[in-house]
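The values are calculated or read from the model by the stated rules, or taken from the named source; none is laboratory data. This structure is a prediction, so every number in the text was calculated from the model and none was measured. Quick reminder, even Gly has a Cβ in these numbers, built from the backbone with ideal geometry, and neighbours come from all protein chains shown. Just the protein is used for accessible areas: all its heavy atoms, side chains included, with ligands, DNA and RNA removed. Shrake-Rupley method; radii C 1.70, N 1.55, O 1.52, S 1.80 Å.
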Amino acid sequence: MGLDYQMIGKRIAKRRKKLGLKQHKVEERADIGYGYLSSIERAVSIPSTEVIMRLAIALETTPDEFLVGTARQEGEEWRNVAELLRSMDGKQLALAKSFLTWLSEQAL
C-alpha cells in the first residue's frame, strides 16, 4: 500500500486553513523553501519524512493527521521525538525507523 500524496497535500492544506495560516508563514515555521508547500499541497512534490514532521510541528498536529487522517491529541510526547529526529542524518533516521518498527511489533 503506497501513500496517497494527493490526499496528504489536501490534509496539510485543510489543517493550514483551519489555523488561518498563509503558505509562506507555514514554510517559515517549518523552515522549508518558498513555494515548496504549494507544491506539496498540490501533490507536485513528494515531501520527505522530515518535511512531514516539520509541517506537523508548524501546524501544531501530529504527522499521522497528514498521513492517515487522524491526529493524536492526548500528549506532547510525539513533539519531543520529532524534535530529536529532525537533527538526524540519513543513517540515524534509518536506525531510528528500524527501532521504532521493532518497538511497535512488541507486545507491551
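Below are the figures for this structure:
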{"item": "Of all residues making up segment 1-38, the number that are in contact (Cβ under 8 Å) with a residue 40 or more places away in the chain, in a loop (DSSP other than H, G, I, E, B) and either open to solvent by less than 80 Å² (accessible area, probe 1.4 Å) or over 17 Å from Val68 (Cβ atoms) (or both)", "result": "1"}
{"item": "Which numbered condition Ala96 misses (of (1) open to solvent by 70 Å² or more (accessible area, probe 1.4 Å); (2) modelled with pLDDT of 80 or more)", "result": "(1)"}
{"item": "Subset tally (residues that are more than 13 Å from Tyr5 (Cβ to Cβ) and open to solvent by less than 30 Å² (accessible area, probe 1.4 Å)) for segment 39-54", "result": "1"}
{"item": "Boolean, Thr70 is modelled with pLDDT under 85 and outside any helix (DSSP H, G or I)", "result": "yes"}
{"item": "Leading residue by the ranking (modelled with the lowest pLDDT) among those in segment 39-57 that are small (Gly, Ala, Ser) and part of a loop (DSSP other than H, G, I, E, B)", "result": "Ser48"}
